[in-house]
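Here's the structure, in structure tokens; my notes come after.
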Amino acid sequence: MRARPRCRTNPTVAIAPPQPDAIENLQFIRSTLEASGKFTAVPGWGLVTVGVTAIGAAIIAQQQLSMQHWVVVWLGEAIIGTVIVIWAMYAKAQRTGVSLLAAPGRRFALGLAPPLIAGAALTPILYYHHAVSDISGMWLLLYGTGVVTGGTYSIRIVPVMGACFMVLGLAALLTPASWALGWMLAGFAGLHIVFGYFIARNYGG
């Protein structure tokens, strides 16, 4: 009489839930990767738009009869440009899935802000001491410094743009005051359009 084959039963494998240490390790790896990333939401088309509005500001500034009104025109352009860049940066971040509040975005902002704050503080001081002719060079130099320091945490082309602004700022400080409009136009219009177009074409807008 043949013996019946015994039915083999597969042993039940119990899957243990993730341990707290494993979850913490995954969170640490995720935060490390996020922190080591680059800020990629620099808006190329936004910079191009700012460059175009700067051309309009230069035309208006050229028609002013006093240096004080000239400064006011460019301050207005600075406000308009800031609004454009913030809106364009937000739009690009939404489109590409980049968080502006993540570590790369925070480092970019912290690097950019101090020179811009210094420029805002120095503007009324230079104006009060009748050194208005030095304001354009100071703006270009400190704006470029902020773009270099903030751009360290962004794509490589951004610090290059900042360095170009710094060169123009030094040139503006070393040349006659009558050249100020040309340097401002070359920087805030020309550099923004050229580098903005390059960023838009190569880094997703």
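The values are calculated or read from the model by the stated rules, or taken from the named source; none is laboratory data. No experiment lies behind these values; they were computed from the predicted model shown. Ideal geometry is used to build each Cβ from the backbone, glycine not excepted, and the neighbour counts take in all protein chains shown. To get the accessible areas, we keep the full protein, side chains included, count just its heavy atoms, and leave off ligands, DNA and RNA. Shrake-Rupley method; radii C 1.70, N 1.55, O 1.52, S 1.80 Å.
Where a ≥ b ≥ c are the square roots of the eigenvalues of the C-alpha gyration tensor, would you call the stretch 67-137 rounded, which needs a/c under 1.5, or, failing that, prolate if a/b is larger than b/c, or oblate?
Numbers: a/c = 4.97, a/b = 2.10, b/c = 2.36.
Taking the square roots of the gyration eigenvalues as a ≥ b ≥ c, the stretch 67-137 is oblate.
As an exercise, use a Förster radius of 25 Å and the Cβ-Cβ distance of ALA113 and ASP134 to find the FRET efficiency, rounded to the nearest 0.05. Mind dumping the intermediate values first?
Working: r = 22 Å, r/R0 = 0.89.
Once rounded, the FRET efficiency stands at 0.65.
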Using θ = phi - 60° and the Karplus form 6.51 cos²θ - 1.76 cosθ + 1.60, what ³J(HN,Hα) does each residue of the stretch 53-67 get, whole Hz, x for Gly and Pro?
5, 5, 4, x, 5, 5, 5, 5, 4, 5, 8, 6, 8, 10, 5
Evaluate the distance, in nm, between pseudo-label points positioned 7 Å from the Cα of THR152 and of TYR197 along their respective Cα→Cβ axes.
3.1 nm
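Rounded to a whole number, what % of the accessible area of the stretch 34-160 do carbon and sulfur atoms account for, probe 1.4 Å?
Details: 4810 of 6700 Å².
Roughly 72 percent, rounded to a whole number.
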Under Karplus coefficients 6.51, -1.76 and 1.60, residue-wise ³J(HN,Hα) of the stretch 153-169 in Hz, glycine/proline x:
9, 10, 5, 4, 5, 5, x, 4, 4, x, 5, 5, 5, 5, 4, 5, x
Amide H contacts of SER154 (H built 1.01 Å from N, under 5 Å, at least 5 apart or other chain):
PHE39
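Considering only protein heavy atoms, what per residue accessible area in square angstrom results for the stretch 46-150 with a 1.4 angstrom probe?
Values: 5600 Å² over 105 residues.
Result: 53 Å² of accessible area for each residue.
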Label GLN64 and VAL83 with points 7 Å out from Cα along Cα→Cβ: what is the distance between them in nm?
1.8 nm
Between the stretch 69-95 and the stretch 130-205, how far is it from one alpha carbon centroid to the other, in angstrom?
15 Å
For the stretch 135-175, shape from the Cα gyration tensor axes a ≥ b ≥ c, cut at a/c of 1.5 then a/b versus b/c, turns out prolate
As a test question: what accessible area, to the nearest 10 Å², does ARG95 have when a 1.4 Å probe is rolled over all protein chains in place?
150 Å²
